[in-house]
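A.B. asks: Would you mind keeping the following structure in view while I ask a few things?
The values are calculated or read from the model by the stated rules, or taken from the named source; none is laboratory data. No experiment lies behind these values; they were computed from the predicted model shown. Every residue, glycine among them, receives a Cβ derived from its backbone with ideal geometry; neighbour counts consider all protein chains shown. Accessible surface is based on the protein model in full, side chains and every heavy atom, while ligands, DNA and RNA are left aside. Shrake-Rupley method; radii C 1.70, N 1.55, O 1.52, S 1.80 Å.
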Amino acid sequence: MAHLTVNDCFYQIRNGANIKQGDADGGYPITRIETISNDVFNRDRMGYAGITDLTKYESYVLEDGDLLMSHINSVQYLGRTVLYEKQGDEKIIHGMNLLVLKANRSIVKPAFARYAFYSPKFRQQLRRITKKSVNQASFTVADLKKIEIDVPSLEKQAHIVENLDKTKRILALRRQEIEVLDALIKARFVEMFGDPIINPRELPVSDLGHLSELITKGASPSWQGFSYTDDATQTLFVTSENVREGYIDISLPKYIEDGFNEKQRRSVLQKGDFLINIVGASIGRAAQFTLDCKANINQAVALVRIEDKRIRDGYLLVYLNSEKAQQMYNSMKSDTGRANLSLQDISNLSILLPPVEEQITFENFVTQVDKSKAAVQKSLDETQLLFNSLMQKYFG
């Protein structure tokens, strides 16, 4: 096992081309921060600037096996890294705000390095070189190059990647099973209540504000003078990344000091609260908080606390993630700099109100499907634990 630095393992680490995106459509795609969201290379989240001649940008065209890393972002997204695997003869320009790392393949396999960059040991060193400002955090290439990595033989690296990739594929399959069950619930919703967009049954309507006792949002810890912590006994910090479609994902939990709750009392979560993402690409994703722990939210998430007995939790959760709700979000959101919804927008959401008895029938159906989901989720959680233990075994 060799103890090397990032600089030893990569022959080139550089920022992307300085291209202002959005002035023109079409041309060659350009990577941006959103391209590596969800820890995968998203080809549907590129930027464009009408570039049709690569002469000036040839050295910025991505090559198979390049790693892309976020080095200017909010703290929780800093250091996120994806492996670019070229498809066909595509040509993609490496844009600003993402570093590209080109591996010395006689020393390190790109896929191995990508896993190493998510190890606790690497993340701990990354936190030490991170500089924080009011709106974002960053680190320099010079400091990144000094971070140490334990690098086994290429043969051992291949074995590690094979095992971790296999486990990740199983995780992906389990998540797909859950998506199929979620689609079944949505189909039953339309069957019972009709298409919510056209409301063929002419069901009564109320806005979300009149059904709620509280609609609020959280704040950035740095704005309040608080830091993230690795102490799991402190407050779970829920961000838009954790609010998935219909559930809270804490596979990569974040924690903040308990004192944050004293300054942000209105956004302290209670069991049963609904959470709706109001900023960025995940606008409109909604989930219900059902965990038994201390928790708070950031400014990208709206908290909705229901008090009206005309609406049932199971019905509302599906409705908030329905095509009807998404249509309303899209009509409301502002695109000034970054897509966002206001708390007034959330309060103005129109909610169809079928008879409570029908909502209960629907909830009973959801309960049955949820039993199947629970079995799949149990398998998913067990596989996630296996993956985490393998990461600990291989990277310490």
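A.B. asks: Report the GluC sites (Glu not before Pro) located in region 52-151 that are in a DSSP loop and have at most 14 other Cβ atoms inside 10 Å of their Cβ, or state none.
C.D. replies: Details: sites: Glu58, Glu63, Glu85, Glu90, Glu148; in loops: Glu63, Glu85, Glu90.
Passing sites in region 52-151 are Glu63, Glu85, Glu90.
A.B. asks: Can you list which of the DSSP-assigned H helices in the chain have a Cα extent of 27 Å or more along the long axis and an average Kyte-Doolittle score of at least -1.0?
C.D. replies: 154-193, 356-395
A.B. asks: Expressed as a rounded percentage, what relative contact order does region 17-58 have, with Cα pairs under 8 Å and six or more residues apart?
C.D. replies: The normalised contact order for region 17-58 reaches 47 percent.
A.B. asks: Additional query: Would you kindly calculate the translational diffusion coefficient of region 26-135, applying Stokes-Einstein with the Kirkwood radius from alpha carbon pairs, for 4 °C and a viscosity of 1.567 mPa s, and quote it in µm² s⁻¹ without decimals?
C.D. replies: The estimated diffusion coefficient comes to 87 µm²/s.
A.B. asks: Report relative contact order for the chain in percent, whole number only (criteria: Cα-Cα under 8 Å, sequence separation at least 6).
C.D. replies: 16 percent
A.B. asks: Between Gln270 and Cys293, what is 0.36 nm times their sequence separation minus the Cα-Cα distance? Round to one decimal in nm.
C.D. replies: In short, 7.4 nm is gained.
A.B. asks: What's the magnitude of the charge dipole for the chain around its Cα centre, counting Lys and Arg as +1 and Asp and Glu as -1 at the beta-carbon? Answer in Debye, nearest 20.
C.D. replies: 1060 debye
A.B. asks: Using a simple spin-label model with points 7 Å from Cα along the Cα→Cβ vector, what separation in nm is obtained for Arg123 and Ala339?
C.D. replies: Distance between label points: 2.7 nm.
A.B. asks: Obtain the nm distance between the two label points defined at Leu353 and Glu202 by a simple spin-label model: each point lies 7 Å from its Cα along the Cα-to-C-beta direction.
C.D. replies: The answer from the label model is 1.8 nm.
A.B. asks: Report the label-to-label distance for Leu154 and Asp64 in nanometres (one decimal), using points 7 Å from each Cα along the Cα→Cβ vector.
C.D. replies: 1.6 nm
A.B. asks: At 1.4 Å probe radius, can you tell me the per residue accessible area of the chain in Å²?
C.D. replies: 49 Å²
A.B. asks: Which FRET efficiency, nearest 0.05, do Ser133 and Asn104 yield, Cβ-Cβ r, R0 41 Å? Working shown, then result.
C.D. replies: Values: r = 33 Å, r/R0 = 0.80.
After rounding, the FRET efficiency stands at 0.80.
A.B. asks: Given region 82-234, what count of lysine pairs have C-alpha atoms under 18 Å apart, with each pair 8 or more places apart or on different chains?
C.D. replies: 14
A.B. asks: Give me the net charge of Ile36's neighbourhood, meaning all other residues with Cβ under 14 Å from the Cβ of Ile36; Lys, Arg count +1, Asp, Glu -1.
C.D. replies: Summing Lys and Arg as +1 and Asp and Glu as -1 gives -1.
A.B. asks: Tell me, how many Å apart are the Cα centres for region 375-396 and for region 46-114?
C.D. replies: Their Cα centres are 28 Å away from one another.
A.B. asks: First obtain the Kirkwood hydrodynamic radius of region 194-309 from its Cα pairs, then insert it into the Stokes-Einstein equation at 4 °C and 1.567 mPa s, and state the resulting D in µm² per second as a whole number.
C.D. replies: The estimated diffusion coefficient comes to 86 µm²/s.
A.B. asks: Grab the other residues whose beta carbon is less than 11 angstrom from that of Arg128, score K and R as +1, D and E as -1, and report the net.
C.D. replies: Overall, the nearby charge balance is +3.
A.B. asks: May I pose another question? How compact is region 272-396 by the rule of thumb for globular proteins, expressed as Cα Rg over 2.2 N^0.38 Å?
C.D. replies: 1.29
A.B. asks: Run the numbers on region 98-237 and let me know its relative contact order in percent, using alpha-carbon pairs under 8 Å that are six or more apart.
C.D. replies: In percent, rounded to a whole number, it is 19.
A.B. asks: For region 249-339, which trypsin sites (Lys or Arg not before Pro) pass both filters: DSSP loop (anything but H, G, I, E, B) and at most 14 other C-beta atoms within 10 Å?
C.D. replies: Lys271, Lys309, Arg338
A.B. asks: Quantify, in whole percent, the carbon and sulfur part of the accessible surface of the chain (1.4 Å probe; protein heavy atoms only).
C.D. replies: With neighbouring chains kept in place, the figure for the chain is 49 percent.
A.B. asks: Report the local net charge at Asp230: Lys and Arg +1, Asp and Glu -1, summed over other residues whose C-beta lies under 15 Å from its C-beta.
C.D. replies: Net of charged neighbours comes to +2.
A.B. asks: What does the C-alpha gyration tensor say about the overall shape of region 178-231? Classify as rounded when a/c is under 1.5, otherwise prolate if a/b is larger than b/c, or oblate.
C.D. replies: Numbers: a/c = 4.91, a/b = 1.83, b/c = 2.69.
Here region 178-231 falls in the oblate category.
A.B. asks: Relative to the Cα centre, what is the charge dipole magnitude of region 84-235, using +1 at the beta carbon of each Lys and Arg, -1 at the beta carbon of each Asp and Glu, and rounding to the nearest 20 debye?
C.D. replies: In debye, rounded to 20, region 84-235 gives about 920.
A.B. asks: Between region 262-334 and region 178-248, what's the alpha-carbon centroid distance in Å?
C.D. replies: Spelled out, the Cα-based centre of one part sits 3 Å from the other.
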